[in-house]
Amino acid sequence: MAENDDVILHLTGVRKTFGPIVALKNMNLTVRAGRVHTILGENGAGKSTLMKILAGVQLPTEGEIRLGGEDYYPRTPQEAAARGLAIVFQELSLCNNLSVAANILATREPSRMGFISERKLLARARALIEELGLPVDVNARVADLSIAQRQLVEIAKGLSHDGRVVIFDEPTSSLSDSEAEILFDIIGRLKAQGKAIIYISHRMEEIMRLSDDITVVRDGEYVTTVKKEETTIEELIALMVGRRMEEIYPPRLGPAPDPAMPPVLKVEGLTRPGAFRDASFELRPGEILGFFGLIGAGRSEVMGALFGMLAAEGRVEIDGKPVTIRSAAEAIAHGIGFVTENRKEQGLVLLHSLRQNISMAALPRYSAKGFLRARAERETAHAEVDRLAIRTGSIETVTGTLSGGNQQKVVLAKWLATKPRILILDEPTRGVDVGAKFEIYRIIRQLAAEGTAILLVSSELPEVLGLSDRVVIMSEGRMREAAARDTLTPERVMTFATGQF
Amino acid sequence: EGIGASLLTQQHPFYIEIAKAMEAEAQAQGVPLEIAIANQDLSKQLADVEDFIVKGVDVLVISPVDSQGALPAIMKAQQAGIKVITVDVPAQGVEVTSYIGTDNYAGGVKAAELMGAELGGAGKVAIIDYPTVQSVVARIDGFKKGLEAFPEMEIVAQQTGITRAEALAAAQNMLQANPDVTGIFGFGDDAALAAAVAVKAAGLQEQVKVIGFDGMEEARNAVDSDPVMVGVIQQFPDQMGKMAVDTAVKLIAGEEVPVDQPIVPGVYTGK
Amino acid sequence: MTDTAQPPQAGHSYLKSLIRQYGGIFLSLVVLCVVFSLTNDRFLSVANFTNILQQVAVIAITAFGMTWVILLGEIDLSVGSIIAVAGMVGAQVIGLGWGFAPALTLTLAAGALLGLFNGVLTAKLLLPSFIVTVATMSIYRGLVSLPTGGAPEMNMDPTWIAIGANSFLGVPIIIWIVAVLFVVNHVLLAHTTFGRKTYLTGGNREAALYSGINVNAIKIKIFMISGLMAAISGILLSSRLYSAQTNAGLSYELDAIAAAVLGGTSLSGGVGTMVGTLIGALIIGVLNNGMNMLSVPYFYQLIVKGLVILVAVYLDVRSKQRQG
Amino acid sequence: MTDTAQPPQAGHSYLKSLIRQYGGIFLSLVVLCVVFSLTNDRFLSVANFTNILQQVAVIAITAFGMTWVILLGEIDLSVGSIIAVAGMVGAQVIGLGWGFAPALTLTLAAGALLGLFNGVLTAKLLLPSFIVTVATMSIYRGLVSLPTGGAPEMNMDPTWIAIGANSFLGVPIIIWIVAVLFVVNHVLLAHTTFGRKTYLTGGNREAALYSGINVNAIKIKIFMISGLMAAISGILLSSRLYSAQTNAGLSYELDAIAAAVLGGTSLSGGVGTMVGTLIGALIIGVLNNGMNMLSVPYFYQLIVKGLVILVAVYLDVRSKQRQG
Ligand SMILES: Nc1ncnc2c1ncn2[C@@H]1O[C@H](COP(=O)(O)OP(=O)(O)OP(=O)(O)O)[C@@H](O)[C@H]1O
Ligand SMILES: Nc1ncnc2c1ncn2[C@@H]1O[C@H](COP(=O)(O)OP(=O)(O)OP(=O)(O)O)[C@@H](O)[C@H]1O
Ligand SMILES: [Mg+2]
Ligand SMILES: [Mg+2]
C-alpha cells in the first residue's frame, strides 16, 4: 500500500470491551479516498461496534484512530459529523411517530432562532430524497412504512450529512434487489466524488461487485486486507470463517418428496383485501416451497394469515382436514412454526435471556401441571445454542446484547424448539454471515429430510433457487407462478416478480 | 333561591351527621338546600362556592377546609350579596353573619381535665394529632393547656395519624417506643378508637387509658363497652346542622341572628 | 394517515384536521357541554364559562408541564407538592416585606429548581423518574410545612391577589395566563427544534442518541419546565385562595396526568400535543362544574366522573382506530 | 450478565445470588435497621418486628398484586379504592347476618370482579391502563360510599376481627397471611408457565402474541390478581380497624407502586421479582416505624422518607451497573 497521501482514516490496535465481553481485540484499518472499503466478518465479529466508535456513539477502550492525519476520538455523533463522518446504522434508528422528513433532518431542521420552518424542512428533505432517487414520500409517517422503506429513510438520514467518510452498516439486509440497485448507484456517485466509503454486508455477490478493498475481521481481530481484483469469494469466506467452504447451498439429503403424497398443507383462494388475493398452493412433508417476490409483494401477509395473526378468507386444510386458525396459539397447536422477518418487534424479548427466548413459543413443552420444567428448558437452550453455533457467553445472556446475526439465530432456535411440522421461514438469513447461513441452510435441509414441510420466504433469489423444490412467485398481492425449481431460471423468476410477463 | 352548603368532607361521621340534620331541617322548613363536598381541598371548596354563586343561592353555609383559606370563597359570596354562615370551623380575617360551632379549645381543656382525673393526676401521655387542621390544633392546644394543671403529668410523644389506619400505626409505634405511657389523647374518634386497638394489641389494657374527641355513636359505644376508652369529648353535630338551617331561614326572612352561636361540648364517660 | 405526534398542519383545513385528530375527545367535550346546557339554564353563561376556565386553570397549566414530561416517556408525580411549595415561597417572601416582584421571581425560581433536582436525579443518576418523583413528592411536601409547622400562611399582597381576582379587557387575568401559557407551550413543542428533539427522544431514545441529541440536557430542561408550570399553578392557586396551604395541590398530579392522557398523550412517550391536553383538562373542568350545577351528590360525582373519562378515552381510541 | 428478570437460581449459592441481585436495596434495608437499633433500644425486639410486619402487611400484599401488573407494563391505580370496597363489602355482608364465610367469599369475589372490570377495559377495549384505573379509582371510591353515605361501617364479627388480632403458633395471623401470599405469588411468578408468560408479555407484547401467548387473557387474569390482592389487603385493614372506612387505602396505590419499583420492578414491564417487592415494602415499613419510634415530627418524616427512597434506589441502580 504505497499511495499514503490518499489515506483518510487510519486505525491501529483498536480495542473495545463491554465489561467482561471483548467486542474488538486488535483492529487495524486504512481507508482511502475514492474507494469502497468493505469490512467482512462473521456475526459478532465486531464490525458494528467499530462503526459505532467511528460515529461517536461509543468510545474505544484502547487504540489509535486518525482522520485526515489528526487524532480522531469523537465523543458525540455531532462531533463525528462535524469532522466529516456520515453513517447509516445497521439497526434502524428512526422515530416512528414522526414524518420521514423530520427523521431525515433530525437535529438539523432548518430553523431560525429555534423555530422550525416546516416548509423548508419538507423542501430540503424532498430535494435530498430526489437527489438520491429514493421512492419514499417525505410526508409519510415512518410507522406507516414497510421495513424496506424505513431502511431507505435510514440511508437518506445518514447521507444527509455531507461526509468525507461514509459508512454503510448492512444497508441491504432488508432491501430487495431493485432498491439495492438504487443504493449501488448512490455509492458509485459518492465514490466518484472522491469520498471514502466503508461498507459492511454479508452478501458476497454485492461485496465483489462494489468493493475496491476488503478487510477481513475475525473475533474482533484484524486478519488481513486484500484488493478485490486479487481475491475470490471462496478465499474471502475461508479467511473469514477460518476454513474452506465448497458449496454454500448444501444438496438435499435423500430423495425429493413424492408429488403423489397427500399434502400436509393445502391453501385455496386465500384472500385478504388490500394485501393479497387468491393465494393457492400445496405443501408436502419434506418439501421446501420457496416464496419469491419483491418487497411489498404480500408474502409476509400470506404467512401472517396462515399463522392466524391476520384475518383472511379462503380455505386452509391441514392433513386433508379444513381448519380455521384464528390465533398464533392455534397455529402452533397445528404444528406450525413462524420465523418472522422482524426479529426486534415480532421475534424476541430483547431484555430477556436466550434461554427464555428459545423456550417462549414452546412453553407447553416445558410445563408440568403449569410448573416450569427448568432443567428441560435449559437443556433445550444449550442444544439449540450448540446446533446453531450462536455466539454468546451463556444461555443466560441478555439477548439484546448479541450481534444482529446472532439474534436472528435465536429467533430460529425459538421456532426449532417447537418441533414444527410446518415451518414458515420469513427472511430467515437476514443479516446472517455466510458461515452461519450455510449452517442454517444445512439445518433447513435436515429438517426437510426429517419430514418437516417448509415455506421459505426470501428476497434473495439465489437463496430461493438454491434451496426450494418448488417456487411460488408473487407480485402485487397475487401469485404469478408456481413451478418446480428445475423449470426456473433467475431471469424467468424476475420477469414474474416484476409483473412484466 | 335557597341554601347552599359547602362541607369540608363527607367521609367523617361528624359531617355526615351535620349533613343529615341539615337536610332533615330543610325539609321540615320547606326550604331548598344543596350540599357540596369539598373533600378537604380548599380549591374545590372555592369552586363549589363559585358554582353556588352562579346558581344564585341566598345563604351560604360553609364549614371551611381552612379558617384562613376560606377567606376568598366567603368574600366572593358576600360580594355577590349572599349571606354567609360558618359551621364547626370559624373563618378568620372576614366577618360572617353567624358562626355556629364547638369551642374546640375548651373541649381540649376538658379532655385534659378528664385525663388528669382518670390517671390520678400523674402519668405519661401520648397524643395523636393532625397538624394541618386548625380545629384540631385548637383541641391539642387546649389539651396541653389543661394538662399544665397537673405538674406530675408529662407528654412523652406526639405523632400524626390522620386516617384510622395511620393512627393505629402511630399508636402502636409510640407504645413500642414508650411502654410506660398511661394515657393517649386522640384528636378525633378515629384516632382514639385506633389507639384503643393498639393498646389491646400491645396487651397494655390494664395500664393505658384513651380519651377521644367528637363523641359519635361508635366512640360512645366504645366508651360504654371498652374499659380502655375512658371517655370522649362530645360534640353535637345534629344541633349544629339544625341550627345552621334555622339561622339561614331566618336570614332569608330578613331576621336578625346572633353573630356567635357556640355549642359547648359535653364530656361523655358512659353509663 | 395523519401524523399523530404532530400538531395539525396550519392552513385552511386546520379545523378539519383538528376534528379528525381530536375527534373522540372533542366530541366528548361537546356532548358534555350540550348535556349540561340542556339540564341547567345557568350552565351556558359567560359567567359560568369564566368560572370553569378559572377552576380548570391550575390543572391545565400543570398538565402543560406534565405533557412535556410524558412525551419524554417520563412522569412527574411531584408537581402537586411543587404547587404547594410555590404558594408558600411566595407567601413567605411577601411576609418578609420584599414586595411582589421578588416574590414572583423567587417562586418561579423555586419551581424551576425543584424541577432541576428531579431532572438531575433522573438524567444523571439514571434513576426511574417515577420513583424519583414519588420521593420528591414526599420531600417537597415535607419542606412546604417547615416554615409554618403545617399551618397555612396568608398572602394578602394586593398584586398577588389581583392575579386571581382581577380582569384585563373584561377577561380574568387567570384566563389570560392560561391562554398565553398554552400558546407558548404549543409553539415551543410544535414549532421549535427543542420540541422536535423532545418528540425524537421520547419516541426512540436510542435513535435520539445516535442523532447526537443530548438526551440528558433535554430531560433536565423538561423537568424544569414541569416544575416551572407547577410553580405558576401554585401562584394562581394561592392567589385565588389568598393564602398558601400546606396541603395545596394534593394529588393534582393525577388530574394533570389524566388530562394529558385523555388528550391523547401516550405514557410510553413520543406521542401527544398541547391541544389535546387542553381539551383533556377542559373535559375534567366542565365535568366537575356541570355536576356541581346539577347538584349531583358527591359520591355519585366520583362515579360519573370515572365513567365519563372511560367513555371519552374509548371514543378517542375508537375514532383513531377507524382512521388508521 | 445476570438475568435480572429471573429470581435467583435455587441451590447452595442462593444467598449469594440473592445478595448480588438485591445488593442495593437489601443493603439499604440492613442499614436502616442498624441505624434505628442504635438510636432506639426498643427497635430491635420481636414485638417491634411483629409490629412492623403487621403495619407493612397491607402495602406488601397490595404490592404483590401490583408487581404482576407492572411486570406487564401496565399500572393499577384503583387498588386503594378496591381496599376500601373490600372492607365495605365484608362489613355489609356481616351486617346482613350472613356470617364470616360468605362475607369472606363475597369480599374476595368483589375484589376479583373489580379487577376483571379493569382488565377487560384494558385488554378488550385497548384503553391505556393508567386512564382506565384512574377512572375506576374514582368509580370504586364513589361506590364504597353509597351504602353508608360516607360513614364507616362497624364490623365486629369475631372471626373477622381475629384475623387482625390473633396469633397462630405465636405469630400473628396477618404475618402468616403475608408469608403465604408471598410464597404463592413468588412461586406462581418464578416457577410456572403463567409467570413466564407474564414476563414475556411484559417484555415484548407482539413477540408474545406471535409465540402463541394469549396476551389478553393474561392481562385480564393479572388485573384480577391485583384486585384480589387488594381485597385481601382490605380485609386485613378492616379487621385491624374493626370497621370499614370509606377512605381506607387512600393513595396506597402509590406506596404499592413505590414498593415494587424500589424492589427493582421496571415500569416498562418484563423485569422484576416478588422478592424485590417484599424488600421494597419492608423498607417503607421499617422507615415509618423507626421514625415514629424516634418521634420524628410528621413533616420531617416526609422529607426523610423521600430521601431514603432516593438513596435506596440509587444504591440499587449503582450496584447493578457495577455488575455489568
Ligand atoms: N452493548 C453491548 N454490551 C455487551 N456486548 C455487546 C454490546 N454491543 C456489542 N456487544 C458484543 O460485541 C460483539 C460484537 O458485536 P457487533 O454488533 O459489533 O458485531 P457485528 O460484527 O456487527 O455482527 P453482525 O454481523 O451480526 O452485525 C458481540 O459479541 C456482541 O454481543
Ligand atoms: N412494520 C410495518 N408497519 C406498517 N406497515 C408495514 C410494516 N411492514 C410491512 N408493512 C406494509 O405491508 C405491506 C407489505 O409488507 P412487506 O414489505 O413486508 O411485504 P412482503 O411481501 O412480505 O415483502 P418482504 O417479505 O420482502 O418484506 C407493505 O405495503 C407495507 O407498507
Ligand atoms: Mg453488525
Ligand atoms: Mg415480508
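The values are calculated or read from the model by the stated rules, or taken from the named source; none is laboratory data. Just so we're clear, the structure is a prediction, and the values are computed from it rather than from any experiment. When we count neighbours, we look across all protein chains shown, and the Cβ atoms used for this are built from the backbone with ideal geometry, even at glycine. Quick note on the areas: whole protein, heavy atoms, side chains included, nothing else; ligands and nucleic acids left out. Shrake-Rupley method; radii C 1.70, N 1.55, O 1.52, S 1.80 Å.
General observations
- Hits in segment A:160-187 - residues which are within 14 Å of chain C (Cβ to nearest Cβ) and either within 16 Å of ligand 3 (Cβ to nearest atom) or in a helix (DSSP H, G or I) (or both): A:I167, A:D169
- With respect to the stated conditions, A:N357 is in contact (Cβ under 8 Å) with a residue 24 or more places away in the chain, within 21 Å of the chain's Cα centre (by Cα), assigned to a helix (DSSP H, G or I) and within 13 Å of another protein chain (Cβ to nearest Cβ).
- Residues in segment A:320-337 that are open to solvent by 10 Å² or more (accessible area, probe 1.4 Å) and either facing chain D (nearest Cβ under 7 Å) or free of Cβ contacts under 8 Å to residues at least 40 places away in the same chain (or both): 11 in all.
- Some residue of segment A:73-88 being over 22 Å from C:L209 (Cα atoms) and more than 16 Å from ligand 2 (Cβ to nearest atom): no
- All of C:A312, C:A281 fail the test of being more than 10 Å from every other protein chain (Cβ to nearest Cβ), open to solvent by less than 10 Å² (accessible area, probe 1.4 Å) and under 30 Å from A:C95 (Cβ atoms), apart from C:A281.
- Residue within segment C:255-273 that is closer than 30 Å to C:S167 by Cβ and either away from chain D (no Cβ under 14 Å) or open to solvent by 20 Å² or more (accessible area, probe 1.4 Å) (or both) present: yes
- Residue in segment A:372-384 that is within 16 Å of ligand 1 (Cβ to nearest atom), open to solvent by 50 Å² or more (accessible area, probe 1.4 Å) and under 30 Å from D:L189 (Cα atoms) present: no
- Any hit, segment A:96-109, residues being within 16 Å of ligand 3 (Cβ to nearest atom), within 13 Å of another protein chain (Cβ to nearest Cβ) and either open to solvent by less than 30 Å² (accessible area, probe 1.4 Å) or outside any loop (DSSP other than H, G, I, E, B) (or both): no
- So B:F213, is it under 18 Å from B:A106 (Cα atoms) and open to solvent by 10 Å² or more (accessible area, probe 1.4 Å): no
- Of the residues making up segment A:443-460, those that are over 28 Å from A:L175 (Cα atoms) and in a helix (DSSP H, G or I) number 2.
- Test for B:A106: is it closer than 29 Å to B:D190 by Cα and either within 14 Å of chain C (Cβ to nearest Cβ) or outside any helix (DSSP H, G or I) (or both): no
- A:L134 vs. criteria assigned to a loop (DSSP other than H, G, I, E, B), over 30 Å from A:K16 (Cβ atoms) and at pLDDT below 90: yes
- In segment A:76-95, the residue that is surrounded by the fewest Cβ atoms within 10 Å (Cβ to Cβ) out of those that are within 13 Å of A:L54 (Cβ to Cβ) and charged (D, E, K, R) is A:E79.
- Long-range neighbours under 9 Å by Cβ, at least six apart or interchain, first residue without any contact (Cβ under 8 Å) to a residue 24 or more places away in the chain and of a type in the set (S, T, N, Q) within segment D:138-159, second buried (at least 23 other Cβ atoms within 10 Å of the Cβ) and part of a strand (DSSP E or B): none
- The numbered conditions (1) surrounded by fewer than 24 Cβ atoms within 10 Å (Cβ to Cβ); (2) in a helix (DSSP H, G or I); (3) touching a residue at least 12 places away in the same chain (Cβ under 8 Å) are all true for D:L250 except (2).
- Segment A:188-216: number of residues that are in a helix (DSSP H, G or I) and under 21 Å from the mean Cα position of the chain (by Cα): 7
- Of the residues making up segment B:30-67, those that are in contact (Cβ under 8 Å) with a residue 40 or more places away in the chain and at the interface with another protein chain (Cβ under 7 Å from one of its Cβ atoms) are B:D48, B:K55, B:D66.
- Qualifying residue in segment C:9-25 (condition: modelled with pLDDT of 85 or more and within 14 Å of chain A (Cβ to nearest Cβ)): no
- When residues of segment A:53-75 are limited to those that are within 15 Å of ligand 1 (Cβ to nearest atom) and without any contact (Cβ under 8 Å) to a residue 24 or more places away in the chain, the one least open to solvent (accessible area, probe 1.4 Å): A:V57
- Filter result for the condition that a residue is away from chain C (no Cβ under 13 Å) and outside any loop (DSSP other than H, G, I, E, B), over A:R119, A:R66: A:R66
- Looking only at segment A:139-159, and only at residues there that are near ligand 2 (Cβ under 10 Å from one of its atoms) and part of a loop (DSSP other than H, G, I, E, B), the one that is surrounded by the fewest Cβ atoms within 10 Å (Cβ to Cβ): A:S146
- Residue that is farthest from the chain's Cα centre (by Cα), among those in segment B:18-29 that are open to solvent by 10 Å² or more (accessible area, probe 1.4 Å) and within 11 Å of another protein chain (Cβ to nearest Cβ): B:E23
- Candidates C:N214, C:N204, filtered to the one that is at the interface with another protein chain (Cβ under 7 Å from one of its Cβ atoms) and at pLDDT below 95: C:N204
- A single entry from C:L125, C:L121, C:L71 fulfils the requirement of being more than 27 Å from C:G150 (Cα to Cα), in contact (Cβ under 8 Å) with a residue 24 or more places away in the chain and within 13 Å of another protein chain (Cβ to nearest Cβ): C:L71.
- Among the residues of segment B:134-186, those identified as closer than 28 Å to D:L236 by Cβ, away from chain D (no Cβ under 11 Å) and under 19 Å from the mean Cα position of the chain (by Cα) are B:V136, B:I184, B:F185, B:G186.
- Residue check for A:I167: closer than 28 Å to A:P428 by Cα, open to solvent by less than 20 Å² (accessible area, probe 1.4 Å) and modelled with pLDDT under 90: no
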